[in-house]
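First the structure, in the form of C-alpha coordinates, and then the observations on it.
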Amino acid sequence: MNIIDFENIHASYEERLILKELTLKIKEQEHWAILGANGSGKSTLIKLISSEIHPRQQYTYKKEILGKERYSLLDLKKMLGIITNDLHNYFYTQGAYLTAYEVVLSGHYSSIGIFKHQDFTQEQHDKAMEVLEFLEITHLKDKQVGTMSTGELRKSIIGRALVHEPKAFILDEPTVGLDIKAQINFIELLRKLSKKSTIILVTHHIEEIFEEINHIALIKNQTIFKQGFKQEILTSENISETFDTPLSVGQNGGRYFIQPLH
(Lines give C-alpha, C1' and ligand atoms only; values in the text may rest on other atoms or scores of the structure.)
Protein backbone atom coordinates (compact mmCIF):
# COMPACT_ATOMS: atom_id res chain seq x y z
CA MET A 1 0.00 0.00 0.00
CA ASN A 2 1.11 3.56 -0.68
CA ILE A 3 1.23 5.80 2.37
CA ILE A 4 1.42 8.84 0.08
CA ASP A 5 0.71 8.99 -3.64
CA PHE A 6 0.83 12.56 -4.96
CA GLU A 7 1.11 13.60 -8.61
CA ASN A 8 1.28 17.12 -10.09
CA ILE A 9 0.00 18.88 -6.99
CA HIS A 10 -0.11 22.68 -6.80
CA ALA A 11 -0.92 24.24 -3.43
CA SER A 12 -1.23 27.84 -2.30
CA TYR A 13 -2.10 30.15 0.57
CA GLU A 14 -4.79 32.39 -0.88
CA GLU A 15 -3.27 33.37 -4.25
CA ARG A 16 0.39 32.74 -3.39
CA LEU A 17 1.65 29.46 -4.89
CA ILE A 18 3.71 27.52 -2.32
CA LEU A 19 4.04 24.10 -3.97
CA LYS A 20 3.97 23.37 -7.70
CA GLU A 21 4.06 20.22 -9.83
CA LEU A 22 4.77 18.16 -6.72
CA THR A 23 4.99 14.40 -7.16
CA LEU A 24 5.81 12.04 -4.28
CA LYS A 25 5.14 8.35 -3.70
CA ILE A 26 5.95 6.69 -0.37
CA LYS A 27 5.16 3.02 0.12
CA GLU A 28 4.41 1.21 3.36
CA GLN A 29 7.53 0.03 5.22
CA GLU A 30 9.75 2.53 3.41
CA HIS A 31 11.49 5.16 5.52
CA TRP A 32 12.04 8.61 4.03
CA ALA A 33 13.75 11.90 4.76
CA ILE A 34 12.49 15.00 2.96
CA LEU A 35 15.30 17.57 2.88
CA GLY A 36 15.06 21.22 2.02
CA ALA A 37 16.17 24.68 3.12
CA ASN A 38 14.00 26.94 5.25
CA GLY A 39 11.22 28.40 3.14
CA SER A 40 11.41 25.67 0.50
CA GLY A 41 7.89 24.36 1.17
CA LYS A 42 8.51 21.58 3.73
CA SER A 43 5.93 22.83 6.24
CA THR A 44 3.38 23.29 3.46
CA LEU A 45 3.95 19.69 2.38
CA ILE A 46 3.11 18.53 5.93
CA LYS A 47 -0.07 20.64 5.87
CA LEU A 48 -0.95 19.06 2.51
CA ILE A 49 -0.51 15.57 3.97
CA SER A 50 -2.60 16.44 7.04
CA SER A 51 -5.27 18.05 4.81
CA GLU A 52 -4.92 21.45 6.45
CA ILE A 53 -4.55 22.77 2.90
CA HIS A 54 -5.74 21.27 -0.38
CA PRO A 55 -4.51 21.11 -3.99
CA ARG A 56 -5.54 23.84 -6.39
CA GLN A 57 -8.46 22.52 -8.39
CA GLN A 58 -7.59 24.04 -11.76
CA TYR A 59 -4.82 21.47 -12.26
CA THR A 60 -5.19 17.75 -12.98
CA TYR A 61 -3.65 15.98 -10.00
CA LYS A 62 -3.66 12.84 -7.88
CA LYS A 63 -3.76 12.98 -4.08
CA GLU A 64 -4.13 9.68 -2.31
CA ILE A 65 -3.25 8.95 1.32
CA LEU A 66 -3.22 5.35 2.52
CA GLY A 67 -4.68 4.31 -0.83
CA LYS A 68 -7.72 6.62 -0.61
CA GLU A 69 -8.75 9.87 -2.27
CA ARG A 70 -11.41 10.49 0.39
CA TYR A 71 -11.12 9.92 4.13
CA SER A 72 -12.32 11.39 7.40
CA LEU A 73 -9.87 13.67 9.18
CA LEU A 74 -10.38 11.69 12.40
CA ASP A 75 -9.36 8.47 10.66
CA LEU A 76 -6.41 10.25 9.07
CA LYS A 77 -5.17 11.43 12.48
CA LYS A 78 -5.31 7.87 13.75
CA MET A 79 -3.45 6.39 10.79
CA LEU A 80 -0.76 9.09 10.52
CA GLY A 81 1.20 10.24 13.55
CA ILE A 82 2.03 13.82 12.52
CA ILE A 83 4.41 15.40 15.04
CA THR A 84 5.09 19.09 14.45
CA ASN A 85 6.72 21.81 16.51
CA ASP A 86 3.41 23.68 16.45
CA LEU A 87 1.75 20.72 18.20
CA HIS A 88 4.64 20.52 20.67
CA ASN A 89 4.36 24.24 21.48
CA TYR A 90 0.59 24.03 21.83
CA PHE A 91 0.89 21.28 24.44
CA TYR A 92 3.61 23.23 26.23
CA THR A 93 1.57 26.44 26.43
CA GLN A 94 -1.99 25.09 26.73
CA GLY A 95 -1.47 21.71 28.39
CA ALA A 96 1.20 22.41 31.01
CA TYR A 97 -0.98 20.80 33.71
CA LEU A 98 -1.23 17.44 31.90
CA THR A 99 0.85 14.45 32.92
CA ALA A 100 2.67 12.27 30.38
CA TYR A 101 0.05 9.58 31.00
CA GLU A 102 -2.76 12.04 30.21
CA VAL A 103 -0.99 13.26 27.06
CA VAL A 104 -0.74 9.68 25.80
CA LEU A 105 -4.29 8.81 26.88
CA SER A 106 -5.68 11.89 25.08
CA GLY A 107 -4.58 10.31 21.81
CA HIS A 108 -7.60 8.01 21.89
CA TYR A 109 -9.82 11.06 21.23
CA SER A 110 -7.20 13.18 19.40
CA SER A 111 -7.84 15.89 21.98
CA ILE A 112 -5.53 18.29 23.80
CA GLY A 113 -6.17 17.13 27.32
CA ILE A 114 -8.60 14.90 29.19
CA PHE A 115 -12.23 15.97 29.66
CA LYS A 116 -15.07 14.81 31.89
CA HIS A 117 -17.29 13.78 28.99
CA GLN A 118 -14.64 11.38 27.67
CA ASP A 119 -15.20 7.79 28.72
CA PHE A 120 -12.05 5.68 28.58
CA THR A 121 -12.22 1.89 28.62
CA GLN A 122 -9.83 -0.28 30.59
CA GLU A 123 -8.40 -1.40 27.26
CA GLN A 124 -7.57 2.22 26.40
CA HIS A 125 -5.90 2.73 29.79
CA ASP A 126 -3.91 -0.47 29.28
CA LYS A 127 -2.84 0.71 25.83
CA ALA A 128 -1.58 4.01 27.26
CA MET A 129 0.57 2.14 29.77
CA GLU A 130 1.82 -0.22 27.05
CA VAL A 131 2.90 2.81 24.98
CA LEU A 132 4.72 4.39 27.94
CA GLU A 133 6.58 1.13 28.45
CA PHE A 134 7.47 0.79 24.76
CA LEU A 135 8.84 4.34 24.70
CA GLU A 136 10.67 3.68 27.99
CA ILE A 137 9.08 6.72 29.68
CA THR A 138 7.07 5.09 32.47
CA HIS A 139 9.09 7.26 34.86
CA LEU A 140 7.32 10.28 33.31
CA LYS A 141 3.83 8.87 33.95
CA ASP A 142 2.91 11.46 36.60
CA LYS A 143 5.24 14.24 35.47
CA GLN A 144 3.48 17.38 34.23
CA VAL A 145 4.19 18.89 30.82
CA GLY A 146 5.19 22.20 32.39
CA THR A 147 8.13 20.53 34.16
CA MET A 148 9.26 18.33 31.27
CA SER A 149 12.31 18.79 29.08
CA THR A 150 11.80 19.27 25.34
CA GLY A 151 12.73 15.64 24.68
CA GLU A 152 10.39 14.30 27.36
CA LEU A 153 7.42 16.21 25.96
CA ARG A 154 8.23 15.16 22.39
CA LYS A 155 8.28 11.50 23.42
CA SER A 156 4.96 11.93 25.23
CA ILE A 157 3.41 13.44 22.08
CA ILE A 158 4.73 10.53 20.03
CA GLY A 159 3.05 8.25 22.57
CA ARG A 160 -0.21 10.13 21.99
CA ALA A 161 -0.06 9.11 18.32
CA LEU A 162 1.24 5.62 19.04
CA VAL A 163 -1.94 4.51 20.87
CA HIS A 164 -3.50 4.05 17.41
CA GLU A 165 -0.51 2.12 16.01
CA PRO A 166 -0.35 4.45 12.99
CA LYS A 167 0.86 3.31 9.59
CA ALA A 168 3.35 6.17 9.47
CA PHE A 169 4.96 8.87 11.60
CA ILE A 170 5.66 12.23 9.97
CA LEU A 171 8.09 14.29 12.02
CA ASP A 172 8.87 17.94 11.36
CA GLU A 173 12.40 18.95 12.46
CA PRO A 174 12.22 16.37 15.27
CA THR A 175 15.44 17.27 17.12
CA VAL A 176 14.86 21.04 17.33
CA GLY A 177 15.51 22.21 20.90
CA LEU A 178 17.28 19.02 21.98
CA ASP A 179 20.83 18.96 23.33
CA ILE A 180 23.36 16.50 21.90
CA LYS A 181 22.58 13.69 24.36
CA ALA A 182 18.82 14.12 23.87
CA GLN A 183 19.27 14.17 20.07
CA ILE A 184 21.11 10.84 20.12
CA ASN A 185 18.51 9.35 22.44
CA PHE A 186 15.63 10.60 20.28
CA ILE A 187 17.10 9.26 17.05
CA GLU A 188 17.46 5.85 18.73
CA LEU A 189 13.76 6.05 19.62
CA LEU A 190 12.92 6.75 15.95
CA ARG A 191 14.96 3.71 14.93
CA LYS A 192 12.86 1.65 17.35
CA LEU A 193 9.64 3.15 15.93
CA SER A 194 10.79 2.30 12.40
CA LYS A 195 10.25 -1.39 13.23
CA LYS A 196 6.53 -0.64 13.74
CA SER A 197 5.69 2.15 11.28
CA THR A 198 6.92 4.03 8.24
CA ILE A 199 9.04 7.02 9.28
CA ILE A 200 9.00 10.26 7.26
CA LEU A 201 11.44 12.91 8.50
CA VAL A 202 10.96 16.44 7.19
CA THR A 203 14.13 18.34 7.97
CA HIS A 204 17.09 20.42 6.85
CA HIS A 205 19.51 18.49 9.09
CA ILE A 206 21.25 15.70 7.20
CA GLU A 207 22.61 14.41 10.53
CA GLU A 208 19.08 13.31 11.52
CA ILE A 209 19.01 10.72 8.73
CA PHE A 210 19.48 7.42 10.55
CA GLU A 211 20.49 4.07 9.10
CA GLU A 212 16.99 2.69 8.49
CA ILE A 213 15.99 5.61 6.27
CA ASN A 214 16.34 4.26 2.74
CA HIS A 215 14.74 6.96 0.54
CA ILE A 216 15.34 10.68 0.17
CA ALA A 217 13.31 13.48 -1.42
CA LEU A 218 14.91 16.87 -2.05
CA ILE A 219 12.66 19.92 -2.12
CA LYS A 220 13.65 23.24 -3.69
CA ASN A 221 11.90 26.05 -5.51
CA GLN A 222 8.51 24.85 -4.24
CA THR A 223 8.76 21.32 -5.63
CA ILE A 224 10.50 17.98 -5.18
CA PHE A 225 13.24 17.94 -7.79
CA LYS A 226 14.99 14.69 -6.82
CA GLN A 227 13.76 11.54 -5.06
CA GLY A 228 14.92 7.96 -4.81
CA PHE A 229 17.22 5.64 -2.90
CA LYS A 230 19.36 7.30 -0.24
CA GLN A 231 22.73 6.30 -1.67
CA GLU A 232 21.80 7.71 -5.09
CA ILE A 233 20.30 11.00 -3.88
CA LEU A 234 22.58 12.01 -0.99
CA THR A 235 25.45 13.25 -3.13
CA SER A 236 27.53 16.40 -2.74
CA GLU A 237 26.16 17.72 -6.02
CA ASN A 238 22.50 17.21 -5.08
CA ILE A 239 22.84 18.60 -1.55
CA SER A 240 24.81 21.61 -2.80
CA GLU A 241 21.99 22.33 -5.25
CA THR A 242 19.30 21.84 -2.60
CA PHE A 243 20.85 24.33 -0.18
CA ASP A 244 22.35 26.60 -2.85
CA THR A 245 25.86 26.46 -1.39
CA PRO A 246 28.95 24.31 -2.11
CA LEU A 247 28.84 21.32 0.25
CA SER A 248 30.62 18.00 0.60
CA VAL A 249 28.60 14.99 1.78
CA GLY A 250 30.43 12.35 3.80
CA GLN A 251 29.42 9.08 5.38
CA ASN A 252 30.57 7.32 8.53
CA GLY A 253 29.07 4.06 9.79
CA GLY A 254 25.83 4.47 7.87
CA ARG A 255 25.30 8.08 9.00
CA TYR A 256 25.79 11.12 6.79
CA PHE A 257 27.35 14.51 7.47
CA ILE A 258 28.11 17.64 5.47
CA GLN A 259 31.07 19.99 5.29
CA PRO A 260 31.46 23.29 3.44
CA LEU A 261 33.59 23.31 0.32
CA HIS A 262 36.13 26.12 0.39
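Of all residues in the range 103-146, those satisfying the criterion of being over 14 Å from Ile157 (Cα atoms) and either in contact with a His (Cβ under 7 Å, 6 or more places away or on another chain) or of a type in the set (Lys, Arg) (or both) are Lys116, Phe120, Gln124, Lys127. Within this structure, Gly81 fails the test of being at pLDDT 90 or above and assigned to a helix (DSSP H, G or I).
Does Thr99 meet the test of being within 22 Å of Thr175 (Cα to Cα), β-branched (Val, Ile, Thr) and surrounded by fewer than 17 Cβ atoms within 10 Å (Cβ to Cβ)? Here the answer is no, as Thr99 does not meet what is asked. Would a scan of the range 227-234 turn up a residue that is on the phi < 0 side of the Ramachandran plot, in contact (Cβ under 8 Å) with a residue 24 or more places away in the chain and not in a helix (DSSP H, G or I)? Yes, because at least one residue in the range 227-234 is on the phi < 0 side of the Ramachandran plot, in contact (Cβ under 8 Å) with a residue 24 or more places away in the chain and not in a helix (DSSP H, G or I).
If you go through the range 188-208 and keep only what is outside any helix (DSSP H, G or I) and touching a residue at least 24 places away in the same chain (Cβ under 8 Å), you end up with Ser194, Lys196, Ser197, Thr198, Ile199, Ile200, Leu201, Val202, Thr203, His204, His205. Across the range 46-60, a minimum of one residue is classified as among the β-branched types (Val, Ile, Thr), modelled with pLDDT under 90 and outside any strand (DSSP E or B). Considering every residue within the range 128-144, establish whether at least one is surrounded by 15 or more Cβ atoms within 10 Å (Cβ to Cβ), under 26 Å from Arg255 (Cα atoms) and either more than 16 Å from the chain's Cα centre (by Cα) or not β-branched (Val, Ile, Thr) (or both). Within the range 128-144, one or more residues are surrounded by 15 or more Cβ atoms within 10 Å (Cβ to Cβ), under 26 Å from Arg255 (Cα atoms) and either more than 16 Å from the chain's Cα centre (by Cα) or not β-branched (Val, Ile, Thr) (or both).
One line per residue, one yes/no per condition, for (1) in contact with a helix residue (DSSP H, G or I) (Cβ under 7 Å, 6 or more places away or on another chain); (2) under 23 Å from Val131 (Cβ atoms):
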{"position": "Ala168", "(1), (2)": "no, yes"}
{"position": "Thr175", "(1), (2)": "yes, yes"}
{"position": "Ile180", "(1), (2)": "no, no"}
{"position": "Leu201", "(1), (2)": "yes, yes"}
{"position": "Glu207", "(1), (2)": "no, no"}
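Only a single criterion out of (1) among the β-branched types (Val, Ile, Thr); (2) at pLDDT below 95; (3) in a helix (DSSP H, G or I); (4) under 23 Å from Ser194 (Cα atoms) is not satisfied by Thr93, namely (4). Count of the range 238-254 residues, restricted to those that are under 12 Å from Ile206 (Cβ atoms), outside any helix (DSSP H, G or I) and within 24 Å of the chain's Cα centre (by Cα), is 2. Name the residues in the range 26-52 that are in contact (Cβ under 8 Å) with a residue 24 or more places away in the chain, more than 12 Å from Ile82 (Cα to Cα) and of a type outside the set (A, V, I, L, M, F, W, C), would you? Listed by number, the residues that qualify are Lys27, Glu28, Gln29, Glu30, His31, Gly36, Asn38, Ser40, Gly41, Lys42, Thr44. Scanning the range 1-25 for residues that are without any contact (Cβ under 8 Å) to a residue 40 or more places away in the chain and part of a loop (DSSP other than H, G, I, E, B), which turns out farthest from Pro174 (Cα to Cα)? Per the stated criteria, the residue is Glu15. Selection of the range 178-223 for residues being in contact with a His (Cβ under 8 Å, 6 or more places away or on another chain) and surrounded by fewer than 21 Cβ atoms within 10 Å (Cβ to Cβ) yields Ser194, Glu212, Asn214, His215. Of the residues Thr84, Thr93, Thr44, which is surrounded by fewer than 18 Cβ atoms within 10 Å (Cβ to Cβ) and β-branched (Val, Ile, Thr)? The match here is Thr93.
The values are calculated or read from the model by the stated rules, or taken from the named source; none is laboratory data. Predicted model only: the values in this text are computed from it and were never measured. Positions of Cβ are backbone-derived with ideal geometry, glycine not excepted, and every protein chain shown enters the neighbour counts.
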